[in-house]
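Trainee: The structure follows.
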Amino acid sequence: MSMPSAAELTRARTARRGVAVMLVVAGAVACLLAAFDVAGGSGLRLALTVGFLLLGPGWAAAGFLRRAPAAHMWLLTVGVGVATTLLAAQIMVSASWWHPDLMTYIITGLSVPFLLRHAVVAQ
């Protein structure tokens, strides 16, 4: 098995940083759209919120993998994102406390610091 070249590692780090930055922006915009109760007919709020909730928490966790192949990163990202979203929904249903906007703020607040860390220190 050969070691990846420095150029390949640099491209991978740049891509990981770019994804982390895009997810931070998506999470912030999704929270702002929820805070101002924007429900435009374009589906932008739904797309941003679902996209962030499925990818944000997972990328925050997957960013701690060192030199993992892209397939492993994306599998962990989607798996953790789906698990987090399902767990949050289950908690809200079980507690008879249905506040998806507040849960979006909580998940975003927990994920963004790690995403910002990965944007600065991509491995």
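Trainee: For the list (1) hydroxyl-bearing (Ser, Thr, Tyr); (2) within 24 Å of Ala12 (Cβ to Cβ); (3) outside any helix (DSSP H, G or I), I need the number of the one condition that Ser96 fails.
Mentor: Here Ser96 clears every test but (2).
Trainee: State all residues of the stretch 29-61 that are touching a residue at least 12 places away in the same chain (Cβ under 8 Å) and open to solvent by 50 Å² or more (accessible area, probe 1.4 Å); if no residue qualifies, say none.
Mentor: Val29, Ala35, Arg45, Leu54, Leu55
Trainee: Could you check the stretch 10-28 and list, in sequence order, the residues that are aliphatic (A, V, I, L, M), more than 13 Å from the chain's Cα centre (by Cα) and open to solvent by 70 Å² or more (accessible area, probe 1.4 Å)?
Mentor: none
Trainee: Do you know which residues across the stretch 68-78 are assigned to a helix (DSSP H, G or I) and open to solvent by 40 Å² or more (accessible area, probe 1.4 Å)?
Mentor: Ala70, Ala71, His72, Trp74, Leu75, Leu76, Val78
Trainee: Can you tell me how many residues in the stretch 4-58 are assigned to a loop (DSSP other than H, G, I, E, B) and under 23 Å from Leu75 (Cβ atoms)?
Mentor: 1
Trainee: Would you call Leu102 hydrophobic (A, V, I, L, M, F, W, C), open to solvent by 40 Å² or more (accessible area, probe 1.4 Å), closer than 15 Å to Ala61 by Cβ and out of contact with any strand residue (DSSP E or B) (no Cβ under 6 Å at 6 or more places or on another chain)?
Mentor: No: the conditions fail for Leu102.
The values are calculated or read from the model by the stated rules, or taken from the named source; none is laboratory data. What you see is a predicted model; the values in this text were computed from it and never measured. FYI the Cβ positions are ideal-geometry reconstructions off the backbone, even for glycines, and counts take in every protein chain you see. With ligands, DNA and RNA removed, areas are computed over all heavy atoms of the protein, side chains included. Shrake-Rupley method; radii C 1.70, N 1.55, O 1.52, S 1.80 Å.
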